[in-house]
Amino acid sequence: MNLRRHTGVAVRSMVRAYISAIAFVMFTLLVIALTIDLGNMLENVRARAAAENEPLWRVLIPYMSFRAVDIITRLLGMACLAGALVATLLRHQRLEDVVLSAAGAPPTLTLSALLIVGVIIGAVQFSFQNWLRPLAVATQTEMQLGRYGKRFGQTELGERWFVSDTTALRAAVTRGHSAALTDIQLFEGINTGQLDRIILAHRAEETETRGVWRLTNATIWGGTGGNLTRTEDEIDVALPLNRDRVQWYGVQGHYLPNSAARQIAQLDGIHAARDAATVLAARKMSFFLPGIFALLGVSLARTGTRGRRLAPFRLLAFGAMGYVVLVSVKVFWALGMHGSLPPTLAATIPIAAALIFAVLLQLRQAGYLRRAHRSAR
């Protein structure tokens, strides 16, 4: 393969066309999403500016920046799918592929351009998923801005339950930087049909040993015959949580920093651990998502043409199929978060399926599948 040919003027022109179309679609989606969001949250931003005695713009601009990071992270895959589809249709209308083919250019030039686009936009998506989006959400929470400020900004949550396969814990939760558990009620042996021990305590603090917490001012009920009661100033017990779980209690895995998600994923038998593990696996795969969906968009566009003409109904049908494939990514993530699939499979299967679908469309467009069908007949 001639490397210079696959990085030459024609390829660079295609790269610019794909990135421009993807950027335009992303900008359109971003403007629409920000407009809807500001329509609902402008009063909240005004109240925050008034509370800090600041001009509105000094609060509004950072808020819009944080929201833009979140929206781009959510919708970049859709922008790649739609943008690559639009760019391919425009190239088809301008007969650019016909001109390149007449000049002796191989079809692999398009794949080279898509590979470059996938690397560039994949790096953006990977950065947003792993670092920028969690930071933006955490900043909104601290500033008490927008939906995330309302949803995650409250620190005193009252009594909550933490349940594992063998233990149930009820405690008043304080999340955030001053994470704490108070008013402890611990029930051990919930899987045996007869409780082994019940502990009431004033406060719980995690020890240096992972998963082991120190309860203070504890009253213990249990033992032979179920009638032994004693009190302890301090007692160490294993609990189905760690400090990160308390600090980020009620925050979905998509918004967690990687460091917190890794700690929470190490817990056993709880939904939050499966959620965090699935998110970590999805973030590892996020680099490949833009390039694969850009390839899928190109494949769908080429399938929706007949000669030099567009086939609008076929385009609509295949566009709907592409959207279903895109939505299936989040469906599989949800399956992983709820324990129906292992986290790695939940993150890998939909992206692999999108790649296989795109390759099959490319082979069909190149005539290989049709030839195989005719031979079979």
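Summed over segment 305-325, residues that are open to solvent by 80 Å² or more (accessible area, probe 1.4 Å) and either closer than 20 Å to I270 by Cα or in a loop (DSSP other than H, G, I, E, B) (or both) total 1. Restricted to segment 66-96, and to residues there that are over 16 Å from L310 (Cα atoms) and free of Cβ contacts under 8 Å to residues at least 40 places away in the same chain, the residue that is least open to solvent (accessible area, probe 1.4 Å) is A68. Would you be able to say whether some residue in segment 326-340 is in contact with a His (Cβ under 6 Å, 6 or more places away or on another chain) and crowded, with 17+ Cβ neighbours inside 10 Å? No, segment 326-340 contains no residue that is in contact with a His (Cβ under 6 Å, 6 or more places away or on another chain) and crowded, with 17+ Cβ neighbours inside 10 Å. Among the residues of segment 101-152, those that are among the polar types (S, T, N, Q) and touching a residue at least 12 places away in the same chain (Cβ under 8 Å) comprise T108, T110, S112, Q125, Q129, N130, T139, Q140, T141, Q144.
Which residue is most open to solvent (accessible area, probe 1.4 Å), if the candidates are limited to segment 272-286 and must be under 12 Å from the mean Cα position of the chain (by Cα) and farther than 21 Å from T141 by Cβ? Please lay out each step first, then the result.
Looking only at segment 272-286, we keep the residues that are under 12 Å from the mean Cα position of the chain (by Cα), and these are 275-286.
Within this subset, residues satisfying the condition of being farther than 21 Å from T141 by Cβ are 277-278, 281-282, 284-286.
Numbers: A277: 27, T278: 1, A281: 15, A282: 9, K284: 145, M285: 43, S286: 4 Å².
Ranking the qualifying residues of segment 272-286, first place goes to K284.
The criterion of being hydrophobic (A, V, I, L, M, F, W, C) and open to solvent by 60 Å² or more (accessible area, probe 1.4 Å) holds for A238.
Restricting to segment 248-260, count the residues that are farther than 15 Å from T73 by Cβ, open to solvent by less than 40 Å² (accessible area, probe 1.4 Å) and not β-branched (V, I, T). Break it down stepwise before answering.
If we filter segment 248-260 for residues that are farther than 15 Å from T73 by Cβ, which is where we start, we get 248-251, 259-260.
With open to solvent by less than 40 Å² (accessible area, probe 1.4 Å) added as a condition, the list becomes 249, 251, 260.
Adding the requirement that they be not β-branched (V, I, T) leaves 249, 260.
Selection size over segment 248-260: 2.
G269 falls short on exactly one of the conditions (1) surrounded by fewer than 18 Cβ atoms within 10 Å (Cβ to Cβ); (2) within 14 Å of L169 (Cβ to Cβ); (3) in contact with a helix residue (DSSP H, G or I) (Cβ under 9 Å, 6 or more places away or on another chain), and that condition is (3). Within segment 267-287, being over 17 Å from R74 (Cα atoms), touching a His at 6+ places or on another chain (Cβ under 8 Å) and not charged (D, E, K, R) holds for one residue alone: H271. The residue pairs whose first member lies in segment 38-51 and is farther than 13 Å from Q144 by Cβ and surrounded by 13 or more Cβ atoms within 10 Å (Cβ to Cβ), whose second member is charged (D, E, K, R) and modelled with pLDDT under 90, and whose beta carbons are closer than 8 Å, counting only pairs six or more residues apart or on different chains, do not exist in this structure.
Name the single residue, out of those in segment 139-168 being assigned to a loop (DSSP other than H, G, I, E, B) and either open to solvent by 30 Å² or more (accessible area, probe 1.4 Å) or among the basic types (K, R) (or both), that is farthest from T192 (Cα to Cα). Filtering segment 139-168 for residues that are assigned to a loop (DSSP other than H, G, I, E, B) and either open to solvent by 30 Å² or more (accessible area, probe 1.4 Å) or among the basic types (K, R) (or both), the one farthest from T192 (Cα to Cα) comes out as Q144.
Does A113 satisfy the condition of being more than 30 Å from E43 (Cα to Cα) and open to solvent by less than 20 Å² (accessible area, probe 1.4 Å)? Yes, satisfied.
Residues in segment 301-324 that are hydrophobic (A, V, I, L, M, F, W, C) and either under 17 Å from A113 (Cα atoms) or modelled with pLDDT of 95 or more (or both): A301 alone.
The values are calculated or read from the model by the stated rules, or taken from the named source; none is laboratory data. Only a predicted model underlies this, so the values are computations on that prediction, with no experimental measurement involved. Note: ideal-geometry Cβ built from the backbone for every residue, glycine included; neighbour counts use all protein chains shown. Heavy atoms of the whole protein, side chains included, go into the accessibility calculation; ligands, DNA and RNA do not. Shrake-Rupley method; radii C 1.70, N 1.55, O 1.52, S 1.80 Å.
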